[in-house]
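Report on one structure; see the data block that follows.
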Amino acid sequence: LADAVGIQQGSLYNHISSKQELLYLLMKEHMETILRGLGEKLQGLDDPLAQIKAFIAFHVDYHMSRRQEVYINNSELRSLELGNLRKIKLLRDTYDRRVIGVLDAGVKKGYFKIGDTKVAAFALIAMLTGICNWYKPSGRMKKSELIAAHTTLALAGIMGEVRGT
């Protein structure tokens with residue numbers, strides 16, 4: 001890191017107090033960026049169907065474009081001290097609640113056939129986030145095609161009939 005920014009290794013600690021602080025700051029920046037981005041994409045959209053489509057497109061694009069940040073944020077939660085972990089989880093909960101709210105509104109309007117919107121939101125987020133594990137810019141499909149494919153899959157899941165218990 002010090003080499004990348006052109007300073008001595010020891011000089012890093014003039015800017016951060018510890019590796020823990022650096023990890024927390026990176027994760028906090030990631031969560032604030034994704035929350036702000038989602039807010040911007042949903043701004044002015046009142047229709048839950050338009051909102052869920054905007055969410056899907058944003059989430060998939062974000063996770064294709066920022067794979068390294070997503071990887072760190074998902075894999076290094078275990079490395080955070082308890083106080084920092086709680087702060088990051090609060091930010092994640094805020095994101096989750098935003099998606100749950102869109103799903104709740106869609107159920108209320110009769111657009112979505114979901115038994116439990118919290119479970120549906122977690123499943124949807126997990127499915128869409130998974131793209132960061134396998135997407136390659138040089139792959140056979142363009143970003144727009146992948147967003148369209150994920151939108152089709154997600155909408156089929158939340159607009160279909162509830163089955164089972």
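The values are calculated or read from the model by the stated rules, or taken from the named source; none is laboratory data. These figures come from a predicted structure and were not determined experimentally. Cβ atoms come from the backbone with ideal geometry, glycine included; neighbour counts cover every protein chain shown. Heavy atoms of the whole protein, side chains included, go into the accessibility calculation; ligands, DNA and RNA do not. Shrake-Rupley method; radii C 1.70, N 1.55, O 1.52, S 1.80 Å.
Quick rundown of the values:
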{"quantity": "Some residue of the range 72-87 being closer than 21 Å to H150 by Cβ, modelled with pLDDT of 95 or more, assigned to a helix (DSSP H, G or I) and not acidic (D, E)", "calculated": "no"}
{"quantity": "Qualifying position, being outside any helix (DSSP H, G or I) and surrounded by fewer than 19 Cβ atoms within 10 Å (Cβ to Cβ), among L45, L49, L35", "calculated": "L45"}
{"quantity": "Any chance Y111 is open to solvent by 60 Å² or more (accessible area, probe 1.4 Å) and of a type in the set (F, W, Y)", "calculated": "yes"}
{"quantity": "Among the residues listed as I100, I114, I158, the single one being among the hydrophobic types (A, V, I, L, M, F, W, C), assigned to a helix (DSSP H, G or I) and either farther than 18 Å from M31 by Cα or touching a strand residue (DSSP E or B) at 6+ places or on another chain (Cβ under 6 Å) (or both)", "calculated": "I158"}
{"quantity": "Counted residues, the range 79-97 - those being among the polar types (S, T, N, Q) and under 10 Å from M27 (Cα atoms)", "calculated": "1"}
{"quantity": "Pair list, Cβ < 7 Å and 6+ apart or interchain, from the range 57-81 residues that are of a type in the set (G, A, S) to residues that are open to solvent by less than 40 Å² (accessible area, probe 1.4 Å)", "calculated": "A57/I147; A57/T151; S79/L23"}
{"quantity": "Restricting the range 1-38 to residues that are of a type in the set (S, T, N, Q) and modelled with pLDDT of 80 or more, the residue that is nearest to F55 (Cα to Cα)", "calculated": "T33"}
{"quantity": "Residue, surrounded by the fewest Cβ atoms within 10 Å (Cβ to Cβ), within the range 89-108, restricted to residues that are in contact (Cβ under 8 Å) with a residue 40 or more places away in the chain and within 13 Å of the chain's Cα centre (by Cα)", "calculated": "T94"}
